[in-house]
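Chemist: The following block contains the structure, expressed as structure tokens.
The values are calculated or read from the model by the stated rules, or taken from the named source; none is laboratory data. Treat the numbers as computed from the prediction; the structure is a model and nothing was measured. Note that each Cβ is placed from the backbone with ideal geometry, even for glycine, and that neighbours are counted across all protein chains shown.
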Amino acid sequence: MMKRFNSERGNSFRVPRRSRVVIAAALLATMSSVVVQAEAAAPQDPAWYSYVLGPATPQVSPVDVEARGTVSHPNSLVKGKGKETTLTTVAGGAPASVLLDFGKDIAGAPYFDVTALEGNPTLSLATSEARQYIRTRAATTVSTAAATGATQVTVASAANLEVGNAITFGTGANAQTRTITAFNTTARTVSFTPALTAGLTAQTATSSSPGAPSSDESRSLAGVGGIDTLQPTATGRISGSYHGGFRFVLLTLTSPGSISLSSVGVDFQGVRATPADYKGWFLSSDDELNKMWYSGAYTLQLNLKPAGLNGLPDQRIYDGAKRDRSIWTGDLLVQGPTAMSTLGDEGAGYVKSSLDVLLATQRADGAIPGSPDFSKGRNPAGSPLFYSNNYSGYGARAVIDYYRYTADRDYIVKALPALRAELAYNDRSLTANNLVASNDRDFWQASQTGEVTKYSIDYYILLKEMAWLERQVGSAANADADDAKAEAIKQAVNARLWNPQLGAYGQSSTHPDVMVEDANALALQYGFVPADRQTSVLNALKTLWTPYGAIMGPGLLDPTGHTIEPFGNGMETAGRFAVGDAGGAFDLMRRTWGPMVDEDNPLYTGGFWEFKNSNGGVNRATASLAHGWAASPTVQLTEQVLGVTPVDAGYATWNIKPHTGDLKWAQGSVPTKYGNVAVQWQANTKTEWFTLHAETPADTSGTISVPVGDRATVTVNGRTVCKAGTCSAYQGTVADGYAQLTVPGGTYDITVSRG
């Protein structure tokens, strides 16, 4: 398993957000080039600590409060001192409530310290990731006609009304909006001011501004969440139930009476990672990209379920903080590498435990479920959902990823028969044309028909992954067969699914003229696109871009209505990095994930969102705003920008190849089985000057690739090894704008200068 990254970090040290990149640049500029031992810790840079989003303490306090109705001294709940906060509700009046904002998503049980109460108060406790879903609009109709001048009408239902809120009768130009002064849920009457200026007929549509408590959680899916009803009978601490992911807590006194509170908070229940818990880290000259790395890491932490929580004995990686709170294979493709590259052994433990649940539910025909524990309802264990053939293949790839990052040989040897069975199951969809045909769903929940480009590429990826694994722990003959089948698929995709009019690959044989993001992105990432077609595909993909990210493709709408998938956008950024378009990758990252790390965005949670609409928002309350499959920037900034990737299992061999784009510098550390791989680099594209410092573990080896121009001189630890395209040491080669050097584990200071 991975060695932990032990460092002397002062956890109380915090750098103001506006200063941290400046400090990091100063530290980087003054770092010594003295040779150190290969196992030495990475250079310590406290500037990255302030990006860490995990709460510093197990008890989390709100950062803001908003009161409605009769509430005295609400700000005491934020300040933690001052006069007690008292909520008072009278019959027929506006229910007293406080809306608590914790600034970002957290998880756990909200609590309230009660110091006094009158009557028999009933409290409603609702949580939400987004403020816009914490209160519910009333939606009803007028049940009895009302005359001009009326100040009271009878409605079909008085639910969700609140005194002081707006109520609208009718629609369009004839709508009349008034202010609610009183309502009676038994008589179903609502009083308002001013009087009606035109009469209302029965069945007139009626709605109100948001008022009554609501929750954006899905109890039916996750077995947690929903609205808690609390009925305190004495002073002391009262706690709500566990809630998996929320930024806001709405406490409403729904019955007549009063209640006084001295403090409120949340007992954080989950993985609360502080800087000391990070085994990998990242920092660069771009503040927005830095925020993305740590938001992805925090999203993953919000998705982790510790053993014992919610009645389950094992650790699991769920897809989202609040929904579905299930293991999903597609999500694991992003979550697994994120967990292991940020939390090291702890993250690997969650991956392994989740894979155990997945493999235990494999069908006799080899199919792995898309989710082994979906639709839990009141049963936390849930039941397997065989979502799609494609997701079955994702499950096998997630197992292989675990081995690639950890080198847990015993585990993968035991799992190999299951993976071979899954491969055989997926092979049933291969046509005589060496393409995959399946009337099957994928990550955006809609079916695709014919011989599908993305499904074919996905099967190619699985075959290549299995070939790598077979050579590591299995059969060389199997590996050769898998490689041959994969190569046949690649040739078939290029021969049959390329569309010259699109300048890209079509969706499928039945929809050849439909431009899609995911298939073309994967084609770039996995080497399907010949060099003379790469620019065409990159340009075609840009036709799908909006200010908020790339849409899936014309006509490819998720049934729930969203159009921008961070999961798919992550495929495109990976594809752009793969063909050297770091500038395009950064541009798309900033469009897609930039708004998610903007603390002024109303939907900010500190986590990454499941999806977006074409206008950059979300379209339903159950939209997950801390969803693991969206965390690809964390992995890609580590592997493509810092440049560190595993080649053989556990990083026994590794590759360091930074894609610099418009960045001036980057640095960080990656945990491995053998020790940490630490990298820092600086670049000046105008002068073609580049320096890289790498510390790699003993007993490993790898390649270091640095960007070079045609006339560049490359020195390693003070020795010139490449000049004007010719290298004399480290088996050096120069191609595609990089000088590649093969080196044993150790410490390297590499400089590139114009010759």
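Chemist: Can you find even one residue in region 682-695 that is touching a helix residue (DSSP H, G or I) at 6+ places or on another chain (Cβ under 6 Å) and either closer than 18 Å to LEU343 by Cβ or of a type in the set (Val, Ile, Thr) (or both)?
Modeler: no
Chemist: Name the single residue that is nearest to ASP410 (Cα to Cα) among those in region 323-354 being in contact with a strand residue (DSSP E or B) (Cβ under 6 Å, 6 or more places away or on another chain) and assigned to a loop (DSSP other than H, G, I, E, B).
Modeler: GLY344
Chemist: Restrict the check to region 547-559 and report whether at least one residue is on the phi > 0 side of the Ramachandran plot and buried (at least 18 other Cβ atoms within 10 Å of the Cβ).
Modeler: Looking through region 547-559, at least one residue is on the phi > 0 side of the Ramachandran plot and buried (at least 18 other Cβ atoms within 10 Å of the Cβ).
Chemist: Let me ask something additional. Just checking, how many residues over region 728-739 are surrounded by 14 or more Cβ atoms within 10 Å (Cβ to Cβ), under 42 Å from the mean Cα position of the chain (by Cα) and without any contact (Cβ under 8 Å) to a residue 40 or more places away in the chain?
Modeler: 5
Chemist: Sticking with this one: May I ask you to list the residues in region 636-658 that are outside any strand (DSSP E or B) and either more than 24 Å from GLU572 (Cα to Cα) or aliphatic (A, V, I, L, M) (or both)?
Modeler: So in region 636-658, the residues outside any strand (DSSP E or B) come out as 636-643, 647-652, 657-658.
Residues satisfying the conditions are LEU637, VAL641, LEU642, VAL647, ASP648, ALA649, GLY650, TYR651, ALA652.
Chemist: Can you pull out the strands (runs of 3 or more DSSP E) entirely within region 184-258 that have at least 2 residues that are within 30 Å of ALA147 (Cα to Cα) and touching a residue at least 12 places away in the same chain (Cβ under 8 Å)?
Modeler: Correct list: 189-193, 205-208.
Chemist: Kindly evaluate SER508 against the criterion of being of a type in the set (S, T, N, Q), touching a residue at least 24 places away in the same chain (Cβ under 8 Å) and within 24 Å of TYR391 (Cα to Cα).
Modeler: Yes.
Chemist: Restricting to region 76-130, what's the tally of residues that are basic (Lys, Arg) and part of a strand (DSSP E or B)?
Modeler: So the answer is 1.
Chemist: Among GLY211, GLY244, which is surrounded by 15 or more Cβ atoms within 10 Å (Cβ to Cβ) and farther than 30 Å from TYR318 by Cα?
Modeler: After applying the criteria, what remains is GLY211.
Chemist: While we're on this one: Limited to region 556-605, what total is found for residues that are part of a loop (DSSP other than H, G, I, E, B) and among the charged types (D, E, K, R)?
Modeler: Residues in region 556-605 being part of a loop (DSSP other than H, G, I, E, B) and among the charged types (D, E, K, R): 6 in total.
Chemist: Considering only residues that are polar (S, T, N, Q), under 18 Å from ARG247 (Cβ atoms) and modelled with pLDDT of 95 or more, which ones fall in region 607-634?
Modeler: SER624
Chemist: Suppose we filter GLY617, GLY661 for residues that are within 25 Å of GLY575 (Cβ to Cβ) and among the small types (Gly, Ala, Ser); which single one remains?
Modeler: GLY661
Chemist: Pull out all pairs, ordered by first then second residue, where Cβ-Cβ is under 6 Å, the residues are six or more apart or on different chains, the first lies in region 355-381 and is assigned to a loop (DSSP other than H, G, I, E, B), and the second is among the acidic types (Asp, Glu).
Modeler: Partner pairs satisfying both residue conditions: GLY366/GLU422; ILE368/GLU422.
Chemist: Step by step: first the residues of region 351-401, then only those that are under 21 Å from the mean Cα position of the chain (by Cα) and of a type in the set (Lys, Arg), then the one that is nearest to LEU333 (Cα to Cα). Which residue is that?
Modeler: Step by step, filter region 351-401, then rank; the result is ARG397.
Chemist: Which one of GLY718, GLY745 is over 24 Å from ALA578 (Cβ atoms), modelled with pLDDT of 95 or more and in contact with a Pro (Cβ under 8 Å, 6 or more places away or on another chain)?
Modeler: Only one candidate qualifies: GLY745.
Chemist: Output the helices (runs of 4 or more DSSP H) that fall wholly within region 412-530 and possess 3 or more residues being surrounded by fewer than 23 Cβ atoms within 10 Å (Cβ to Cβ) and in contact with a Leu (Cβ under 9 Å, 6 or more places away or on another chain), or say none.
Modeler: 453-473, 476-496
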